[in-house]
1. Looking at the range 165-183 only, could you name the residues that are within 18 Å of Asp79 (Cα to Cα) and not charged (D, E, K, R)?
2. Working carefully through the options Asn77, Asn57, find the one that is closer than 30 Å to Gly146 by Cβ and either at pLDDT 55 or above or not in a helix (DSSP H, G or I) (or both).
3. Looking at the structure I just gave you, is Pro103 more than 19 Å from Gln158 (Cβ to Cβ) and either in a loop (DSSP other than H, G, I, E, B) or at pLDDT 90 or above (or both)?
4. Among (1) more than 12 Å from the chain's Cα centre (by Cα); (2) not polar (S, T, N, Q); (3) not in a helix (DSSP H, G or I), which single condition is Met111 missing?
Amino acid sequence: MQREIPDSISLILPLLTQKATTINDLTPAFCLFVFKTNSTDSIYTKIILPYLKRLSNLKEARWSRDKAKQWPHTFDNVDRFVMFVGFPRSSHSLVGSLLDAHPEACIAHEMDVLKYVMANFSQQQLFHILLANAMQTGQQGREQTGYSYQVPGQYQGQYTTLRIIGDKRGGNSSRRLQAHPRLLPKLKNTIDVPYGLSI
């Protein structure tokens, strides 16, 4: 008996399995994986989702490399990096939004900078991604869980002279550092400016 592949999975499977439409059509190695796990859900969580994440990283890598070439001097005056760590629901959104309102600071909202450090993004790539996020969320009012953290009349998502850049995703950053402690020295080497951790 053939088990049909759910629509959400079959959309991406052709890229991996040469247009297979049922599990029985897949390569022997892939079939073995499917029947060992005994669940099409496992295909999505263990094969498809990581694949989509890699595609997303590749897209952001290309975009940020292009921006770094196009605007190589955007971050010449940056002399401090800020990253939030600690428990969720610890007023990080409020503090990050207040810092982002300063004319010399841009703080990204929920970008998970350590994910890009793990993917070996360069300093310029990291900073361009963080700046783009800060500008976008600033234009959208820095909304989070139904609340707006906008500071009226200030510089959220904008700057005059950019000296401080950072990321606010405390809970996820803490989990990554707990699982991979060497990420912190790797971050330090990548950003190549003094950094501070906001708890």
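1. Ile165, Gly166
2. From the options Asn77, Asn57, the qualifying one is Asn57.
3. Considered against the rule, which asks whether it is more than 19 Å from Gln158 (Cβ to Cβ) and either in a loop (DSSP other than H, G, I, E, B) or at pLDDT 90 or above (or both), Pro103 comes out as no.
4. Just one mismatch for Met111, condition (1).
The values are calculated or read from the model by the stated rules, or taken from the named source; none is laboratory data. None of the values given here were measured: they were computed from a predicted structure. Cβ atoms come from the backbone with ideal geometry, glycine included; neighbour counts cover every protein chain shown.
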